[in-house]
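K.L.:
The structure under discussion is supplied below as structure tokens; questions concerning it will follow.
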Amino acid sequence: MMELQGISSVRWRCLGIALAGLALMLTATPIQAEDTRVEVLQRQLAERDKVMLELLRRVETLEKQIGVPRAVRDSAEASKSVAVNKTASAPGSVIVTERMAERALERSLSREGALLLPTGVLEVEPSLTFTRQEDATSRFVTSGGLIVAGETEINANRFSADLGLRLGLPWDAQLELGLPYRRAEVETVTNVGFAPITTSGSSGGGLGDLRIGLAKSLLREGLWRPDLVGRFTWNTASGENRDNGVSLGGGFHELQASLTAIKRQDPVVFIAGLSYQHSLEKNQITPGPVIATNLGAAIALSPETSLRFSLSGAYQGETELFGSDVDGSDQVIGSFIIGSSTLLAPGVLLNGTLAFGLTDDADDMSILFSLPIRFNTPLF
């Protein structure tokens, strides 16, 4: 009997040990699973830290290339972060820090008139433009005493050197001035068949019209609404209209009102514009009104380089001569434009634009180079 009780006691002890082992196994499984998840999270955090360190090294390299001192950069970033925290709660507010304003993309948007300069900041932009236009008209000409069908080609090369100035004003406004110098070379060729029978050429040049503009931010970008800039420009009739029988363009008082909108989806910015221009009568001639629009996008390839693509179109009504419309004088002008900008040095941007005409009334090709120079020290 005592032996049976001993055996029973041993069995109960073995059963207790087995149950205790099973309990330990059941509790150890979730602990091991939790340890595995912790290890996975730690590895992911380590990989994220490596990516962040690599990005920080790249940013520091880029900042050294554009000449931003580290001490100044750190103190400026600290003050900017405080300013961002103070204003971030304002709904619809768009905060462009000093570093962002020095990116090629923001500089290009300022040049396009979509962003305005801070108060007191001055920007000067010299530019050069070359335009080529070729027109051909069928007509009857006299050749060898006979009247035959021919064609008259008018090939024009136009050059323009422009000096522009932009100055940031209080209340989100901007003053804009510009003065161009224009030169034109026009060649007229009369062809019969494929052979030219007469050729003539002339050239002329002179100062263009002084333009004065005032721009104002009307809306700040929000969740759905775009940044909106309104602008009023007066092209004065101060320039020369013709020289040596060659038309230089301009010579009329022109009043233009426009709206420019941008919407950001970094690194892409969408740009749209609408304008209306009215010309005043001079010497019994009144050029037709012009309604123009454009739609495009700009993309930041890097902090130092950006690209732009846009389509522009305009319709000019018929010209009035002695109070009557001149039939067939209206024009439809369409162009496809490709542009690029790159930072050469702090405050100095190199901009290039290539435009192709899409309609008969548009210039066949236009090339522009400009060098906007910004003086970041406010004048007032």
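The values are calculated or read from the model by the stated rules, or taken from the named source; none is laboratory data. No experiment lies behind these values; they were computed from the predicted model shown. We place every Cβ from the backbone using ideal geometry, glycine too, and count neighbours over all the protein chains shown.
K.L.:
Which one is modelled with the lowest pLDDT among residues in the range 251-277 that are among the charged types (D, E, K, R) and in a strand (DSSP E or B)? Show your work before the answer.
P.N.:
Here is the first cut: in the range 251-277, the ones among the charged types (D, E, K, R) are 254, 263-264, 266.
Cutting the leftovers down to in a strand (DSSP E or B) gives us 254, 263-264.
On the way: Glu254: 96, Lys263: 95, Arg264: 92.
Among residues in the range 251-277 that are among the charged types (D, E, K, R) and in a strand (DSSP E or B), the one modelled with the lowest pLDDT is Arg264.
K.L.:
To continue, here is another question. When you scan the range 321-357, how many residues do you find that are surrounded by 15 or more Cβ atoms within 10 Å (Cβ to Cβ), within 14 Å of Leu311 (Cα to Cα) and not hydroxyl-bearing (Ser, Thr, Tyr)?
P.N.:
The number of residues fulfilling the criteria is 7.
K.L.:
Take the range 281-300 and flag every residue that is surrounded by fewer than 16 Cβ atoms within 10 Å (Cβ to Cβ) and modelled with pLDDT under 95.
P.N.:
Of all residues in the range 281-300, those surrounded by fewer than 16 Cβ atoms within 10 Å (Cβ to Cβ) come to 281-285, 289, 291, 293, 295, 299.
Glu281, Lys282, Asn283, Gln284, Ile285, listed by residue number.
K.L.:
Looking at Val72 and the list (1) surrounded by 11 or more Cβ atoms within 10 Å (Cβ to Cβ); (2) at pLDDT below 70; (3) part of a helix (DSSP H, G or I), which single condition is not satisfied?
P.N.:
(1)
K.L.:
Determine whether Gly288 is outside any strand (DSSP E or B), among the small types (Gly, Ala, Ser) and in contact with a Gly (Cβ under 6 Å, 6 or more places away or on another chain). Outline the logic, then answer.
P.N.:
Numbers: outside any strand (DSSP E or B): yes; among the small types (Gly, Ala, Ser): yes; in contact with a Gly (Cβ under 6 Å, 6 or more places away or on another chain): yes.
Spelling it out, Gly288 is indeed outside any strand (DSSP E or B), among the small types (Gly, Ala, Ser) and in contact with a Gly (Cβ under 6 Å, 6 or more places away or on another chain).
K.L.:
To continue, here is another question. Considering only the range 354-380, state which residues are within 20 Å of Pro126 (Cα to Cα) and touching a Phe, Trp or Tyr at 6+ places or on another chain (Cβ under 6 Å).
P.N.:
Hit for the range 354-380 is Ile367, nothing else.
K.L.:
Right, something else. Considering only the range 178-215, state which residues are hydrophobic (A, V, I, L, M, F, W, C), under 16 Å from Asp243 (Cβ atoms) and out of contact with any Phe, Trp or Tyr (no Cβ under 6 Å at 6 or more places or on another chain).
P.N.:
The first filter runs over the range 178-215 and keeps only residues hydrophobic (A, V, I, L, M, F, W, C), leaving 179, 184, 186, 189, 192, 194-195, 197, 207, 210, 212, 214-215.
Of the ones still in play, those that are also under 16 Å from Asp243 (Cβ atoms) are 184, 186, 207.
Ala184, Val186 - these are the residues of the range 178-215 that are hydrophobic (A, V, I, L, M, F, W, C), under 16 Å from Asp243 (Cβ atoms) and out of contact with any Phe, Trp or Tyr (no Cβ under 6 Å at 6 or more places or on another chain).
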